[in-house]
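Chemist: Sharing a structure, written as structure tokens. Questions coming.
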Amino acid sequence: MMRQFFIPLIALMTTVASAQTGSEREPVSYIGGEICNPRLHDGGLAYAIGAENVQVMRANRTHPDEADGYGWTYNHAANITYWHGKFYLEYLSNPVDEQQPPGQTLLVTSDDGRHWSKPFVAFPPYQAPKGVTIPKPYYGYIMHQRMGFYTAPNGRLLVVAFYGHSYNPFKEGGIGRVAREIKPDGTMGPIYFIRYSSHAQWNETNTAYPFYTKSKDKGFREACQALLGDKLKTLQWIDEDRGLDGFYNLKDSINRVQATSYYHRKDGKTVALWKWSYAALSPDDGKTWSTPVRIPSLIMAGGKQWGQRTPDGRYAICYNPIETQPYRYPLIAISSDDGITYDSMCVVHGEVPPRRFMGENKDFGPCYVRGITEGEATPPGNDMWLAYTVNKEDVWVARVPTPIRTKWTGKVDDNFDNIKPHGAVTDWNIYRPRWADVYVNDRHQLCLTDSDRYDYARAIRVFEAKAKTDISLDVQVAAENDDPFEVDVTDRHGVRIVCVSLHGGKVVANGETVGSYKQGKWLSLNIRIVDGGVEVQGHKLLAMHSAQHPERLSLRTGEYRDLPNRNTPNQEKCPPLPGCDERIAPAMYIICLLYTSDAA
């Protein structure tokens, strides 16, 4: 009897041990208590203090020169790197729909990550050689990319992408991966295939570009060979070409993993992350892998997840924490000390502007996030840099200071004197569309401008959460248009306690007129919140919503929005939003002082 009991007990102990957090059965785990509220664009979550969202490219069909030079409105799959003192960002582009040909890959650059060049073509639409016809059921070519850049051991920088057939660029629909070199002066070398799809009979005789071995540049050939030999870098390609030739070490028996990102944990093991919450573990730098498993604590759908070691030596995973596939918001980060156990879910990008152009599979929100891959150069500073698209039409980056913080301790006394003009606004969460800027001017004043009829500029300051708070704000309405300037005070979950609106010379708080202002003159705005009671400019008001501990001040050059939401149709045919390609009369609001204190 003793022996019969002992054997199952050992089996049970083995099962429990194998499912332990950090093991092959659960390489990572989220243990934080924060969850996403699907009704809110920011999920009702705390903000990563100091995160800055910068719109790199705003799609424009009517005036292509305002955007990419082509007027294409499906833009997606951004990748980012840093090399020789400059940021490089790659994204794919189609005229209207997700897999509608023609497709091409564009490149933008920036010296500081905040001001970006106009896009230029890295990989043009594919033109098949004479005599090569498009096989049924395909009818054109598009680009696809899970990986964007590779800095080789010899210092060469490669930009890479994948050519495939429309509506199925994978397996038999794939042609192959192309690469070209980016030179230090910004010019690019010729395009070469670096690997053909293993699912079809492609080679130099039936493809548009030569194979990399034909290059006369030895350094370029060495860079390509180094990339092909890097089993971690090339794992990013696996869902575009499943590797019938045994190219990949990962044995993906479920044929499921997509959009690889990876990082080395504190214990030296490598974690691979994929869409739909999948993860796997390698003890030997990608030579062997555990079987991919779904992580139940990482709630996500078909958007990418991104994991990395952050500049402060900690770890972060970024993704959309929602299972509803067509609605990919907010973009969040969770953080960890060891790369295994994560908590502190917080907002990286919590805005969802209206989608201006209809298109197939143009999901709402910021998604397909990617950062700078291990082994690439590190930008100066202590920031995590992320690239992504919003509504699959505009390209964005986020700069997230590390260590990632969600709470503020002490008073706020901001006069912007120590902020470099047009530099990063320390401790403020900044949302900067191309046509609605936020910056510090030469007088060290915070400026919010807006000439976008469908979006706004926004600046958020987190302060210490207390039941009794006084807020003093010096603001000037330098110019205004049809949209109001709104000042909100919210709690940790974004619940609005006060909304002060400045428009047409009136100061309106929670629906009541409490004062006036003159354009071009300074206004001292005073807000007091005491035990749930509200007072603005000396007027006692009812709170918009009951909230005990305010902790955020939000400045916004437009009205509060909650659309689109989870019920907004995603594929309903509709024309572009009226006037979306035209600027409106600019508005400008200037802030010279923000101060918080404990209410008496």
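Chemist: What is the residue count in region 130-167 for residues that are open to solvent by 10 Å² or more (accessible area, probe 1.4 Å), free of Cβ contacts under 8 Å to residues at least 60 places away in the same chain and part of a strand (DSSP E or B)?
Modeler: Total satisfying the criteria: 1.
Chemist: Just checking, does region 80-98 include any residue being in a loop (DSSP other than H, G, I, E, B), under 30 Å from Pro292 (Cα atoms) and not basic (Lys, Arg)?
Modeler: Looking for residues that are in a loop (DSSP other than H, G, I, E, B), under 30 Å from Pro292 (Cα atoms) and not basic (Lys, Arg), one finds at least one in region 80-98, hence yes.
Quick grid of which residues meet (1) under 21 Å from the mean Cα position of the chain (by Cα); (2) modelled with pLDDT under 95; (3) farther than 29 Å from Arg583 by Cα:
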site: His422; (1), (2), (3): no, no, no
site: Leu448; (1), (2), (3): no, no, no
site: Tyr454; (1), (2), (3): yes, no, no
site: Phe485; (1), (2), (3): no, no, no
site: Arg492; (1), (2), (3): no, yes, yes
site: His503; (1), (2), (3): no, no, no
site: Thr513; (1), (2), (3): no, no, yes
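Chemist: So for region 428-442 (the condition being in contact (Cβ under 8 Å) with a residue 12 or more places away in the chain, in a loop (DSSP other than H, G, I, E, B) and over 23 Å from the mean Cα position of the chain (by Cα)), does at least one residue qualify?
Modeler: Scanning region 428-442, I find at least one residue that is in contact (Cβ under 8 Å) with a residue 12 or more places away in the chain, in a loop (DSSP other than H, G, I, E, B) and over 23 Å from the mean Cα position of the chain (by Cα), so the answer is yes.
Chemist: Still on this model: Under 9 Å between Cβ atoms, at least 6 apart or on separate chains: pull out the pairs that start in region 271-297 with a residue that is within 16 Å of Tyr319 (Cα to Cα) and without any contact (Cβ under 8 Å) to a residue 24 or more places away in the chain and end on any residue that is open to solvent by 10 Å² or more (accessible area, probe 1.4 Å) and of a type in the set (Asp, Glu).
Modeler: These pairs meet every condition: Pro296/Glu26.
Chemist: Do you know which of the residues in region 384-417 that are open to solvent by less than 30 Å² (accessible area, probe 1.4 Å) and among the hydroxyl-bearing types (Ser, Thr, Tyr) is nearest to the chain's Cα centre (by Cα)?
Modeler: Checking each candidate, the answer is Tyr388.
Chemist: Pairs please, first residue from region 584-600 and touching a residue at least 40 places away in the same chain (Cβ under 8 Å) and open to solvent by 20 Å² or more (accessible area, probe 1.4 Å), second anywhere and outside any strand (DSSP E or B) and hydroxyl-bearing (Ser, Thr, Tyr), Cβ atoms under 8 Å, 6+ apart in sequence or on different chains.
Modeler: As it stands, the answer is Ile584/Ser451; Ala585/Ser451; Pro586/Ser451, since those pairs meet every condition given.
Chemist: With the structure loaded, tell me whether Asp312 is open to solvent by 10 Å² or more (accessible area, probe 1.4 Å) and more than 28 Å from Arg405 (Cα to Cα) or whether it fails that test.
Modeler: The answer is no for Asp312.
Chemist: Of everything in region 51-60 that's touching a Phe, Trp or Tyr at 6+ places or on another chain (Cβ under 7 Å) and not hydrophobic (A, V, I, L, M, F, W, C), which residue is surrounded by the most Cβ atoms within 10 Å (Cβ to Cβ)?
Modeler: Within region 51-60, the match that is surrounded by the most Cβ atoms within 10 Å (Cβ to Cβ) is Asn53.
Chemist: Among the strands (runs of 3 or more DSSP E) confined wholly to region 250-310, which include 3 or more residues that are under 21 Å from the mean Cα position of the chain (by Cα) and on the phi < 0 side of the Ramachandran plot?
Modeler: 261-264, 270-273, 306-309
Chemist: Can I ask one more? Could you please find all residues in region 371-404 being in contact with a Ser or Thr (Cβ under 7 Å, 6 or more places away or on another chain), assigned to a strand (DSSP E or B) and over 15 Å from Glu351 (Cα atoms)?
Modeler: Asp383, Met384
Chemist: Still on this structure, please answer the following. Collect the residues in region 169-200 that are open to solvent by 10 Å² or more (accessible area, probe 1.4 Å) and basic (Lys, Arg), keeping them in residue-number order.
Modeler: Lys171, Arg180, Lys183, Arg195
Chemist: For Asp343, state whether it is in a loop (DSSP other than H, G, I, E, B) and touching a residue at least 24 places away in the same chain (Cβ under 8 Å).
Modeler: So Asp343 fails the test.
Chemist: Can you tell me which residue within region 315-340, out of those that are closer than 20 Å to Leu232 by Cβ and in a loop (DSSP other than H, G, I, E, B), is least open to solvent (accessible area, probe 1.4 Å)?
Modeler: Ranking the qualifying residues of region 315-340, first place goes to Gly339.
The values are calculated or read from the model by the stated rules, or taken from the named source; none is laboratory data. Note that this is a predicted model, so its numbers are computed, not measured. Glycine gets a Cβ as well: all are built from the backbone with ideal geometry, and neighbour counts include every protein chain shown. Please note that ligands, DNA and RNA were not included when accessible areas were found on the heavy atoms of the full protein model with its side chains. Shrake-Rupley method; radii C 1.70, N 1.55, O 1.52, S 1.80 Å.
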